[in-house]
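Beneath this line is the structure, given in structure tokens, with notes to follow.
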Amino acid sequence: MSTIEQASIEYEEQEGSEELIEDILLEDGKRQIVIPEAITMTNYLFRNYRLVMYAHMNRCLRDGSLDEMAGFRILDHAINKKICRFQQATFWRINKYNFIADVDIHLNLKTAYGKQGWNGYITLWFDLESRKDKFTCRIRGMGPVKRKPDRELTMLSPFLVPYYTCQQMDDAADEIWRQYMPEALDAPECRNAVKLAGQMGLSIAYLPLYKRKNTDSILFFSESMVEIGVECQNETVKKEVMVPANTIVINSNVIHTDYSAFNIFHECFHDEYHYMFFRLQQMNSNDERGLKKKTVIVREDEKITNPLYWMELQANRGAYGLLMPADHTRNLIYEKSKKAPSNAHIGAKYEYIGKMMANELHLPYFRIRARMIQLGHIHAKGAMNFADNRMIRPFVFELDAWREDKYTFVIDSGRVEYLCTKDPELRQLMQSGRFVCADGHVVRNDSRFVIKTMRGLMLTSWAEQHVDQCCLRFVRTYVRKNLGQYVLGQMNYDADYIKQTRLFLEDEISQGALDELEAEEKYRKEFPDTFKEAFDRVRLRRGLTLEDMAEKLNMSRSTLKRWLREPEECISADFVMMVTLILKLPDWISELLFDRAYVCLSRSNKRHLAFRYIQRALWMDGIEKANEYLNEHGLEPLKIG
């Protein structure tokens, strides 16, 4: 999406939020990748301000205040690296130009009773506005670590990028309006991107950037040269022009002037909340072309922390927050929802709401749709979708089937054809005639789900309201193009779901010459009534013995047998969830097993809602991944009993 240069932040807008990077797969399963070598404030602080902190501690030692902080008489004559250990630093944002660093220290001090350890902290105040060539730093305090203040400020990452939740990014966007143009918060007609940039001290330039088709816009923090393309005798030639400091450059080869508001808002957010990162890298860089790069070797499952990526996510969300402030947009959605047709399904209602908002705010449909989803209206994913160069009909899905951005039920027919050339399994599936492309979906080829119309193949009314039950779900995969540029690489059909479903339906399909839908209906009807028999049926299909299951559940065989005999007394939702994950049961079979255990997953219970999500999205990933998801949402891991 973007690259950080010595004097600029570039931006290329893309959908999606997966951080994957261009890499080379090595023979041993590890990967060789190139990442930006950005300096952290922690390293910069300890490299440049140790002497400042030693000087302050020695002043406190000489005037006796360190004795008071420690609570005992100190006999050392000086504080130096022999007795002082700097531990961690925590950074706090005050505003665009100022931040605080709380540095934890450990002193091994000499007393009348021998050596005694003392844990304390030093607070440093950094100012980036006073001088452009360096940071200005002042010591603002020192004390015992137990008295370190709980700051009501935004915590910064070691790269000086704010730690923001989605709500906090919306609040940060509101704060920009509040600071520069407060009337815009509740008045859409006042949300002028060019005017906001001017109020923030930024100018706008529209330039045809040379061979940078992946760059929509660039924010220049300091004066710098940029290459543009100039038409000369029917060919484009390169020319260098100087761009003044504090300038947003819109790439006129990619973005039309009339549609540049989002990009300007994006760069305004960068300017307000990511200026510190730029200044930190500027202090460390001798290469005017930008950040250094380094090659590292990682395991396949390792993630690389990339501050550029997170800044782009923040600026993207911030741009939406400036375009459509959260509170005003929520109120607008609510107002329009009251006028939506009462007999329409929820996808159609969101399409009505979205179109009404688009007309009122004079914004494109895809912006409205994205913002509704950001604000928690997940069902808006079924509205205002485009495929094959036209808007498809709205549709409905189970929320747990499409919470994650990497999944989608919408795909162009041309993309399906392309994927068939790359994926033999998908090609075989489509050539079998069991699935067809219809109105932006790949749907089961059955009259219950697809019909012929003058517009071509379309979903039936029932299918439109149950796309997750009759359409293929695709998985977006993001590939790193080069430093800081993330592009949509490919889409893969969700093959695991189909494979595992067919595994359990194999007997029904082969014995009765049935299709999958008929086989599934037969499977449901013949599914055992008791939990023990149901458990045995799915266990045996996986080829597992009772001893195998007991071992995987970390319990004895005799205990498992007793639990199966007395499910109402012994078996909990956690137990059934663990069984479904061990056996990798598709969601509909998992639901059958829960039913036979007489366990109802409530929609008002946070843990049960998490289980529903795990059933839909993590059923192939095992217990460990499920526990990671539970932990991320503040829930206890799965346990037996």
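The values are calculated or read from the model by the stated rules, or taken from the named source; none is laboratory data. As the structure is a computational prediction, the values presented were derived from the model and not from experiment. Cβ: placed from backbone, ideal geometry, glycine included. Neighbour counts: every protein chain shown.
Of the residues Lys355, Lys349, Lys339, Lys381, which single one is assigned to a loop (DSSP other than H, G, I, E, B) and of a type outside the set (A, V, I, L, M, F, W, C)? Don't jump to the end; show me each part of the working.
Working: Lys355 fails: assigned to a loop (DSSP other than H, G, I, E, B); Lys349 fails: assigned to a loop (DSSP other than H, G, I, E, B); Lys381 fails: assigned to a loop (DSSP other than H, G, I, E, B).
Matching residue, one of Lys355, Lys349, Lys339, Lys381: Lys339.
Select from segment 563-612 the residues that are in contact (Cβ under 8 Å) with a residue 12 or more places away in the chain, farther than 27 Å from Glu547 by Cβ and under 25 Å from the mean Cα position of the chain (by Cα) and list them in ascending order.
Selection gives Asp587, Lys606, Arg607, His608, Ala610, Arg612.
Which condition number does Phe126 fail, the rest of (1) at pLDDT below 95; (2) of a type in the set (A, V, I, L, M, F, W, C); (3) over 30 Å from the mean Cα position of the chain (by Cα) being met?
Tallying (1) at pLDDT below 95; (2) of a type in the set (A, V, I, L, M, F, W, C); (3) over 30 Å from the mean Cα position of the chain (by Cα), Phe126 fails exactly one: (1).
Which pairs turn up if I take residues in segment 312-328 that are outside any helix (DSSP H, G or I) and look for partners that are small (Gly, Ala, Ser) with beta carbon separation below 8 Å, at least 6 apart in sequence or on another chain?
Filtered contacts from segment 312-328: Pro325/Ala173; Pro325/Ala184.
Identify all residues within segment 70-86 that are crowded, with 16+ Cβ neighbours inside 10 Å and in contact with a helix residue (DSSP H, G or I) (Cβ under 9 Å, 6 or more places away or on another chain); write none if there are none.
Ile74, Asp76, Ile79, Cys84, Phe86
Residue by residue, here is whether (1) surrounded by fewer than 22 Cβ atoms within 10 Å (Cβ to Cβ); (2) within 30 Å of His266 (Cβ to Cβ); (3) in the same structural domain as Ala463 (by TED's automatic domain parsing); (4) modelled with pLDDT under 95 holds:
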site: Tyr334; (1), (2), (3), (4): yes, yes, yes, no
site: Pro341; (1), (2), (3), (4): yes, no, yes, yes
site: His345; (1), (2), (3), (4): yes, no, yes, no
site: Ala348; (1), (2), (3), (4): yes, no, yes, no
site: Met356; (1), (2), (3), (4): yes, yes, yes, no
site: Met372; (1), (2), (3), (4): no, yes, yes, no
site: Ala383; (1), (2), (3), (4): no, yes, yes, no
site: Pro394; (1), (2), (3), (4): no, yes, yes, no
site: Glu398; (1), (2), (3), (4): yes, no, yes, yes
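Looking at segment 580-596 only, could you name the residues that are under 18 Å from Ala617 (Cβ atoms) and not in a loop (DSSP other than H, G, I, E, B)? I'd like the intermediate steps shown before the answer.
Initially, segment 580-596 is screened for residues under 18 Å from Ala617 (Cβ atoms), giving 580-591, 593-594.
Correct list: Thr580, Leu581, Ile582, Leu583, Asp587, Trp588, Ile589, Ser590, Glu591, Leu593, Phe594.
Kindly establish whether Lys110 is exposed (fewer than 14 other Cβ atoms within 10 Å of the Cβ) and touching a Leu at 6+ places or on another chain (Cβ under 9 Å). Steps first, please.
Working: exposed (fewer than 14 other Cβ atoms within 10 Å of the Cβ): no; touching a Leu at 6+ places or on another chain (Cβ under 9 Å): yes.
Against the criterion (exposed (fewer than 14 other Cβ atoms within 10 Å of the Cβ) and touching a Leu at 6+ places or on another chain (Cβ under 9 Å)), Lys110 does not qualify.
Would you tally the residues in segment 451-471 being buried (at least 23 other Cβ atoms within 10 Å of the Cβ) and aliphatic (A, V, I, L, M)?
Result for segment 451-471: 3.
Please state which of the following conditions Glu404 fails to meet, knowing it meets all the rest: (1) in a loop (DSSP other than H, G, I, E, B); (2) farther than 30 Å from Glu417 by Cα; (3) modelled with pLDDT under 90.
The one condition Glu404 does not meet is (2).
Output yes when any residue across segment 294-311 is of a type in the set (Phe, Trp, Tyr), modelled with pLDDT of 90 or more, closer than 25 Å to Phe135 by Cβ and not in a strand (DSSP E or B), and no when none is. Working first, answer last.
Step one: filter segment 294-311 for residues of a type in the set (Phe, Trp, Tyr), giving 309-310.
Restricting the remaining residues to those that are modelled with pLDDT of 90 or more gives none.
No, that holds for no residue.
The rows are residues; the columns are (1) surrounded by 15 or more Cβ atoms within 10 Å (Cβ to Cβ); (2) in the same structural domain as Asp468 (by TED's automatic domain parsing); (3) touching a Ser or Thr at 6+ places or on another chain (Cβ under 9 Å); (4) not acidic (Asp, Glu).
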| residue | (1), (2), (3), (4) |
| --- | --- |
| Ile582 | yes, no, no, yes |
| Asp595 | yes, no, no, no |
| Leu618 | yes, no, no, yes |
| Glu624 | no, no, no, no |
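Scan segment 159-183 for residues that are among the hydrophobic types (A, V, I, L, M, F, W, C) and touching a residue at least 24 places away in the same chain (Cβ under 8 Å) and jot them down. Step through it out loud before you land on a result.
To start, the set of residues in segment 159-183 that are among the hydrophobic types (A, V, I, L, M, F, W, C) comprises 159-161, 166, 169, 172-173, 176-177, 181.
Answer for segment 159-183, where residues must be among the hydrophobic types (A, V, I, L, M, F, W, C) and touching a residue at least 24 places away in the same chain (Cβ under 8 Å): Phe159, Leu160, Val161, Cys166, Met169, Ala172, Ala173, Ile176, Trp177.
Go through (1) under 28 Å from the mean Cα position of the chain (by Cα); (2) loosely packed, with under 15 Cβ neighbours inside 10 Å; (3) touching a residue at least 60 places away in the same chain (Cβ under 8 Å) and name the single condition Lys213 misses.
Exception for Lys213: condition (3).
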